[in-house]
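> What follows is a structure written as structure tokens; I'll ask about it next.
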């Protein structure tokens, strides 16, 4: 009995010792599963999309290569025109200081009027063409697969009835026909019509209103600048139809994910401008008029090259007038026009507040502002890549690709911004003397440099977010959020410039760019609008 009792006690202890580790293991497994589930839920929060696949930021995968193929030529094309304008300015400077100042005012007027139409036209065209091109390809692939399934049986019957060589000849002729068939893209035809009309309207407006506009800009009738400014602006306006048309075609090519063709055309046009400038200005003694004529010829040359290449791919005449998408273009174009006006208003007010503080603060502000804006060209290339790829992904309803693309271009934008910050801090510290020799201006430039450099990551993200929003066709949010950002930023500009002065303007502009970036984070990070799939 004692033996049996001892055995039962030992058996009970053994079972207890075996059960305890098993229970502990079960609790541990359940805890790990709970942590995994919780982490999975956290990662599914839309905000964490920004950190998706961050280890692959520089990966040379299909997405990385596609971004590079689109972004690099786009950036180079964007940089070509400012460089050509800089060379223009250098040639005009050899004529005289009055002519240089006059042309500077005329170029500012022309660019400001053009910007209102250019930005909405190019952005909308890129997104709509990318969507249509993608859906068209999907339909064509589905039709081809259906034809292949049907044709398999027919071809087997034909092989029995026809000699093999004749059968192969028929198949090759069908294949050749499909390869050379041009696409019907209604949004491309619409963009060309709108671009041409806007170009004509801009040309007429600037030609008829050139003198009142120049008077408003401070070039009065008794000023020595009025004659060269009026001549240059009037002649330059003749190139507006070509400019708007060429940019509409560039938007179409971007929609096809082709930024190389616009780049090559822009390079040819810019080189023509540089070559013709001294010929017209100094050989033919046309002066300022020669500079304007050279620029107009280069614009028409770019348009002709782009149209020639486009005709090879797209049937420019739609099957019917009803296929044109004027309503869709005008609705979204108006939204982006409001956005452009809000952006322009902020920068213009900042410049006017700097001018009120005197010529020295204004000169320093202009130098810093031009550097601030010039660096945005690099981020714009990434924005174009993101817009094009995302528009295609949304058209296919490939939300995983959309999520991956958005996170990748944002991560690249952040890295680009950080790199630009370091470069600008180092370079501008030593190179600011290249812009002026005035000690007072140099001192204020040194005050503005930290703001220009430190805000580069914020600026890059803001521009990339713009491309992402356009790729998702989220034009309404882009417009309304920018108006709200502009209202807050303008209040900050007035308050800070009056209380702190020159530094206050740069603090307000930093707030302005930060709010633009925050608006982008807010839309995607909360999974709103077209990004609602992130909450699924």
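> Could you please state, rounded to a whole Å, how far the C-alpha centre of the stretch 454-520 is from the C-alpha centre of the stretch 194-223?
Here the two parts' Cα centres lie 29 Å apart.
> Sort 120-129, 193-202, 210-219 by the packing proxy (mean of other Cβ within 10 Å over each peptide's residues), most packed first.
Top of the packing list down: 120-129, 193-202, 210-219.
> Right, something else. What does the highest-first list of 84-92, 320-328 look like by mean Cβ count within 10 Å?
84-92, 320-328
> Say each of residue 315 and residue 148 gets a label point 7 Å from the Cα, pointing the same way as Cα to Cβ; how far apart are those two points in nm?
2.5 nm
> Here's a follow-up. Subtract the Cα-Cα distance of residue 425 and residue 345 from 0.36 nm times their separation in residues, and report this length gain in nm to one decimal.
26.0 nm
> Follow-up question, since we're still on this one. Show me the ranking of peptides 456-464, 523-531, 354-362 by mean Cβ neighbours inside 10 Å, starting with the highest.
456-464, 523-531, 354-362
Read-outs: derived from the displayed coordinates by stated rules, not from any lab. Just so we're clear, the structure is a prediction, and the values are computed from it rather than from any experiment. Neighbour counts run over all protein chains shown; Cβ positions are idealised from the backbone, glycine included.
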